[in-house]
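The values are calculated or read from the model by the stated rules, or taken from the named source; none is laboratory data. Since we're looking at a predicted model, the values are computed, not measured. Here the Cβ is made from the backbone with ideal geometry for all residues, glycine too, and neighbour counts use every protein chain on show.
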Amino acid sequence: MSVTIMQKIALIVTIIGAINWGLIGLFDFNLVEWLFGSGLLARTVYTLVGITGLINIGLLVAPTED
């Protein structure tokens, strides 16, 4: 399985999003809103994380090389 540059970037963004959710769950601290406020920029970040999560589905269902 060859991982493209786009998939690597998507994976990194998804991991950052997961860390943010971990911070929210453990400490009630939203890093995205702390950095960008609660406006359009934060919503854009959340949208990008969601899109990259969808891109990562390709990594899950891609055939593996034996």
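List of remarks:
- Asn20 vs. criteria modelled with pLDDT of 95 or more and either exposed (fewer than 12 other Cβ atoms within 10 Å of the Cβ) or not aliphatic (A, V, I, L, M) (or both): yes
- Helices (runs of 4 or more DSSP H) contained in the chain and holding at least 2 residues under 9 Å from the mean Cα position of the chain (by Cα): 5-27, 40-61
- Residue within region 35-56 that is surrounded by 12 or more Cβ atoms within 10 Å (Cβ to Cβ) and of a type in the set (Lys, Arg) present: yes
- Residues of region 21-56 classified as without any contact (Cβ under 8 Å) to a residue 24 or more places away in the chain and among the polar types (S, T, N, Q), total: 4
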